[in-house]
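Engineer: One structure, pasted below without further comment.
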Amino acid sequence: MLNTISSQASKLINLTNRVKKNYSKTKLVTITSGKGGVGKSTFTANMAFLLSRRGFNVAVLDADIGLANMQVLFDIKPQNTLFEYIDGTKTLDEVITPTAYSNIHLIAGRSGYQYSSTRNSFVFSRIVKDIIELNRFDVLLIDTGAGLNEYVKEFLSISDNILAITTTDPSALTDVYSLMKMLSLDKSKLMLSFNHTRNYQIGETIANSLVNLGKKNRLNKDFMVEYIGNVSTSANISTTGRLRKLFANEFSSDETTKQLQVIIDQLLKNIH
Ligand SMILES: Nc1ncnc2c1ncn2[C@@H]1O[C@H](COP(=O)(O)OP(=O)(O)OP(=O)(O)O)[C@@H](O)[C@H]1O
Ligand SMILES: [Mg+2]
């Protein structure tokens, strides 16, 4: 009996999700990594910029719970964060903050904040669904925190378009493989990008090795890993980050910006 009820409930949830997805134009892309400090937030902010310059209306949600820094990258001081919406003290519109860049809005997080996930369940899924239901943005980018904690898992569970950023560091590769293993259980695809990686081929070769390791370890064979490009190390990236500016804007003809444009081209081909 319990089984029947829960299977009916899950059918209903699936149906609701499908209806919402069909209804809204907003495409959800979640950026994650496993290992910390590999460039997720830098990619997210600069990808938002390049997407906005291609005419897309972009929202960025800072899902690094407790260590939010997207407002620093966009150099703004939001009045409200996603937590005021979760707590019910602000409306969704009030927590969607315009940035200095046209067509980019931020749903900021809060830094140095301990959020107790036992208070509410699925609160993060709900705010994501509510933003999608607004049908206002073309793309919603979610920047997750490091690791595979419960918050990150919740954001991953609701996203079909997941982009993992990694470096070629053995520890980063170990973490991204753990991510692959976890996602292969119930996702069909993972997009993969390398940061701090000199050329496209190096990333491609290592991505193939990860795929082969997955085959050897018999990960779900219907799960695909799609390599979508690399970004090299550049002093202009760290300098612009420190100055709270976006390298893709300040150095639009740099090789790294071109590399990120390739990633955007591939991303747009892959997301649904
Ligand atoms: N390709 C690059 N070349 C030079 N510096 C880079 C590059 N990518 C990122 N950085 C720098 O590396 C640092 C970490 O980047 P970032 O904050 O984007 O990583 P993260 O994955 O979001 O970290 P966390 O896991 O802590 O959220 C920043 O100082 C950023 O400016
Ligand atoms: Mg970050």
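Engineer: Would you say THR168 is open to solvent by 10 Å² or more (accessible area, probe 1.4 Å), within 22 Å of THR256 (Cβ to Cβ) and in a loop (DSSP other than H, G, I, E, B)?
Structural biologist: So THR168 fits the description; yes.
Engineer: Evaluate the range 190-198: report whether one residue or more is assigned to a loop (DSSP other than H, G, I, E, B) and surrounded by 14 or more Cβ atoms within 10 Å (Cβ to Cβ). Outline the logic, then answer.
Structural biologist: Taking the range 190-198 first, the residues assigned to a loop (DSSP other than H, G, I, E, B) are 196-198.
Narrowing the set further to residues that are surrounded by 14 or more Cβ atoms within 10 Å (Cβ to Cβ) leaves 196-197.
Yes, the range 190-198 contains at least one residue that is assigned to a loop (DSSP other than H, G, I, E, B) and surrounded by 14 or more Cβ atoms within 10 Å (Cβ to Cβ).
Engineer: Can you tell me which condition PHE251 does not meet? The list is (1) more than 14 Å from ligand 1 (Cβ to nearest atom); (2) surrounded by 14 or more Cβ atoms within 10 Å (Cβ to Cβ), and all the others hold.
Structural biologist: (1)
Engineer: Scan the range 135-149 for residues that are farther than 19 Å from LEU50 by Cα and more than 16 Å from ligand 2 (Cβ to nearest atom) and jot them down. Spell out how you get there, then give the answer.
Structural biologist: Applying the first criterion (farther than 19 Å from LEU50 by Cα) to the range 135-149 yields 135, 144-149.
Answer for the range 135-149, where residues must be farther than 19 Å from LEU50 by Cα and more than 16 Å from ligand 2 (Cβ to nearest atom): just ASN135.
Engineer: Looking at (1) hydrophobic (A, V, I, L, M, F, W, C); (2) more than 9 Å from ligand 1 (Cβ to nearest atom); (3) modelled with pLDDT of 95 or more; (4) within 21 Å of PHE124 (Cβ to Cβ), can you tell me which one VAL19 breaks?
Structural biologist: Exception for VAL19: condition (3).
Engineer: Residue by residue through the range 24-45, note down the ones that are more than 16 Å from ligand 2 (Cβ to nearest atom) and either open to solvent by 30 Å² or more (accessible area, probe 1.4 Å) or in contact with a Pro (Cβ under 7 Å, 6 or more places away or on another chain) (or both).
Structural biologist: Of everything in the range 24-45, those that are more than 16 Å from ligand 2 (Cβ to nearest atom) and either open to solvent by 30 Å² or more (accessible area, probe 1.4 Å) or in contact with a Pro (Cβ under 7 Å, 6 or more places away or on another chain) (or both) turn out to be LYS25, LYS27.
Engineer: Kindly indicate whether ILE104 is open to solvent by less than 30 Å² (accessible area, probe 1.4 Å) and either over 18 Å from THR26 (Cβ atoms) or among the hydrophobic types (A, V, I, L, M, F, W, C) (or both).
Structural biologist: yes
Engineer: So, in the range 112-152, of the ones that are hydroxyl-bearing (Ser, Thr, Tyr) and over 18 Å from the mean Cα position of the chain (by Cα), which residue ends up surrounded by the most Cβ atoms within 10 Å (Cβ to Cβ)?
Structural biologist: If we filter the range 112-152 for residues that are hydroxyl-bearing (Ser, Thr, Tyr), which is where we start, we get 113, 115-118, 121, 125, 144, 151.
Keeping just the survivors that are over 18 Å from the mean Cα position of the chain (by Cα) gives 113, 115-118, 121.
Numbers: TYR113: 12, TYR115: 17, SER116: 6, SER117: 14, THR118: 7, SER121: 10.
Among residues in the range 112-152 that are hydroxyl-bearing (Ser, Thr, Tyr) and over 18 Å from the mean Cα position of the chain (by Cα), the one surrounded by the most Cβ atoms within 10 Å (Cβ to Cβ) is TYR115.
Engineer: OK, next. Would you be able to say whether some residue in the range 46-65 is part of a loop (DSSP other than H, G, I, E, B), within 16 Å of ligand 2 (Cβ to nearest atom) and open to solvent by 10 Å² or more (accessible area, probe 1.4 Å)?
Structural biologist: Taking the range 46-65 first, the residues part of a loop (DSSP other than H, G, I, E, B) are 54-57, 64-65.
After this cut, where a residue has to be within 16 Å of ligand 2 (Cβ to nearest atom) as well, the list is 64-65.
Keeping just the survivors that are open to solvent by 10 Å² or more (accessible area, probe 1.4 Å) gives 64-65.
Within the range 46-65, one or more residues are part of a loop (DSSP other than H, G, I, E, B), within 16 Å of ligand 2 (Cβ to nearest atom) and open to solvent by 10 Å² or more (accessible area, probe 1.4 Å).
Engineer: Filter the range 236-248 for residues that are free of Cβ contacts under 8 Å to residues at least 24 places away in the same chain and either surrounded by 19 or more Cβ atoms within 10 Å (Cβ to Cβ) or at positive phi (or both) and give the result.
Structural biologist: THR240
Engineer: Go over the candidates LYS258, LYS221, LYS215 one by one and state the one that is over 19 Å from the mean Cα position of the chain (by Cα), under 28 Å from LEU179 (Cα atoms) and modelled with pLDDT under 95.
Structural biologist: Answer to the check: LYS221.
Engineer: Evaluate the following for ASN69: is it open to solvent by less than 80 Å² (accessible area, probe 1.4 Å), away from ligand 1 (no atom under 16 Å from the Cβ) and either touching a residue at least 40 places away in the same chain (Cβ under 8 Å) or under 27 Å from SER238 (Cα atoms) (or both)?
Structural biologist: no
The values are calculated or read from the model by the stated rules, or taken from the named source; none is laboratory data. Keep in mind it's a predicted model, so treat the numbers as computed, not measured. So basically every Cβ, Gly included, is an ideal-geometry build from the backbone, and we count neighbours across all protein chains shown. Note: areas computed on protein heavy atoms with side chains; ligands, DNA, RNA excluded. Shrake-Rupley method; radii C 1.70, N 1.55, O 1.52, S 1.80 Å.
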